[in-house]
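Q: Have a look at this one.
The values are calculated or read from the model by the stated rules, or taken from the named source; none is laboratory data. This is a predicted model, so every value here is computed, not measured. FYI the Cβ positions are ideal-geometry reconstructions off the backbone, even for glycines, and counts take in every protein chain you see.
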Amino acid sequence: MDPTQALKSDVVPATASAYLDRHYWDQRFAQEEHYEWFKDYSHFRDLILQYIKPSSSVLEIGCGNSQLCEELYGDGITELTCIDLSPVAVEKMKERLSSKGYKEIQVLEADMLDLPFEDECFDVVIEKGTMDVLFVDSGDPWDPEPVTVSKVMAMLEGVHRVLKPDGIFISITFGQPHFRRRFFSAPTFTWSVECRTFGDGFHYFFYILKKGERSSDNIELTENIDVPSINLFHDELDNEDYLFRIQIGDM
């Protein structure tokens with residue numbers, strides 16, 4: 001067996017609920033050097049650079065062992081802060097960035113449900129697959145468990161709070177618009193909501209939430225988003241993203 005495949009089988013949990021366990025992530029990050037949820041940067045680079053300027057202050061929530069911050073840095077975005085709940089992920093990310101000379105990127109151990117930042121301090125907040133973890137034990141996707149609703153809203157309220165008045169929240173996710181609408185369009189938020197898709201056959205959702213731009217015309221998520229049918233390529237059938245999607249979507 002290929003060593004990479006053997007390692008992947010070691011870190012994939014037996015049940016989706018393990019994704020909610022901090023110890024699972026500590027153990028996984030201790031073994032795994034790098035994994036990209038929902039495709040790597042090259043697949044959505046053109047999208048994300050439409051909303052981030054070189055001068056933007058950016059917060060990445062749930063950095064794990066992704067290379068997203070390094071890719072953004074390579075595109076001239078240097079005011080970057082990454083957080084993760086796992087101390088193992090944080091220490092390994094610090095070591096990796098330091099070895100590459102990326103000393104300007106801050107990496108902090110922090111909880112996305114209780115962001116340790118002042119109000120209105122970031123131009124852009126990005127999450128890539130992090131919020132999806134909150135849904136793995138949510139029950140009916142049309143009517144999630146109250147504890148799930150509470151956690152998701154706590155995360156979004158924190159993001160909204162730390163964004164500058166004209167800041168942008170970017171959410172890269174499996175969550176389809178009909179499942180995200182109730183959260184993104186809650187009355188407490190002032191952001192507008194747009195949605196794009198990317199991916200070949202296996203499509204992912206790229207939400208752009210612009211703080212301070214909500215109006216009566218965009219209180220609800222646009223209904224005419226083109227959601228392509230899923231037509232998986234062979235390599236995507238072997239990808240953990242596929243397992244994660246199935247376990248979330250079929251509960």
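Q: Residue 29 - would you say it is under 13 Å from the mean Cα position of the chain (by Cα) and modelled with pLDDT under 95?
A: For residue 29, the condition - under 13 Å from the mean Cα position of the chain (by Cα) and modelled with pLDDT under 95 - is not met.
Q: Turning to a different aspect of this structure: Six or more apart or on different chains, Cβ atoms under 6 Å: show the pairs whose first residue is in the stretch 99-113 and touching a residue at least 40 places away in the same chain (Cβ under 8 Å) and whose second is among the small types (Gly, Ala, Ser).
A: 113/154
Q: Let me ask you something else. Looking at residue 159, is it at pLDDT 85 or above, more than 15 Å from the chain's Cα centre (by Cα), aliphatic (A, V, I, L, M) and within 20 Å of residue 58 (Cα to Cα)?
A: Spelling it out, it is not the case that residue 159 is at pLDDT 85 or above, more than 15 Å from the chain's Cα centre (by Cα), aliphatic (A, V, I, L, M) and within 20 Å of residue 58 (Cα to Cα).
Q: Which one is modelled with the lowest pLDDT, of the residues in the stretch 163-173 that are of a type outside the set (S, T, N, Q) and buried (at least 19 other Cβ atoms within 10 Å of the Cβ)?
A: Selected residue: 172.
Q: Here is a further query. Got a number for residues in the stretch 56-99 being in contact with a strand residue (DSSP E or B) (Cβ under 8 Å, 6 or more places away or on another chain) and either among the hydrophobic types (A, V, I, L, M, F, W, C) or farther than 21 Å from residue 113 by Cβ (or both)?
A: 20
Q: Something else now. Got a number for residues in the stretch 19-51 being of a type outside the set (A, V, I, L, M) and in a helix (DSSP H, G or I)?
A: Of the residues in that region, 15 qualify.
Q: Take the residues in the stretch 174-199 that are assigned to a loop (DSSP other than H, G, I, E, B) and among the hydrophobic types (A, V, I, L, M, F, W, C); name whichever of them is surrounded by the fewest Cβ atoms within 10 Å (Cβ to Cβ).
A: 186
For every residue, the table says whether it meets (1) within 15 Å of the chain's Cα centre (by Cα); (2) loosely packed, with under 15 Cβ neighbours inside 10 Å; (3) of a type in the set (Asp, Glu).
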| position | (1), (2), (3) |
| --- | --- |
| 69 | yes, no, no |
| 84 | yes, no, yes |
| 96 | no, no, no |
| 107 | no, no, no |
| 118 | no, yes, yes |
| 123 | no, no, yes |
| 129 | yes, no, no |
| 133 | yes, no, no |
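Q: Determine whether residue 148 is over 16 Å from the mean Cα position of the chain (by Cα), under 30 Å from residue 32 (Cα atoms) and either basic (Lys, Arg) or modelled with pLDDT of 90 or more (or both).
A: yes
Q: Still on this structure, I have one more. Within the stretch 43-77, how many residues turn out to be touching a residue at least 24 places away in the same chain (Cβ under 8 Å) and more than 29 Å from residue 26 (Cβ to Cβ)?
A: 10
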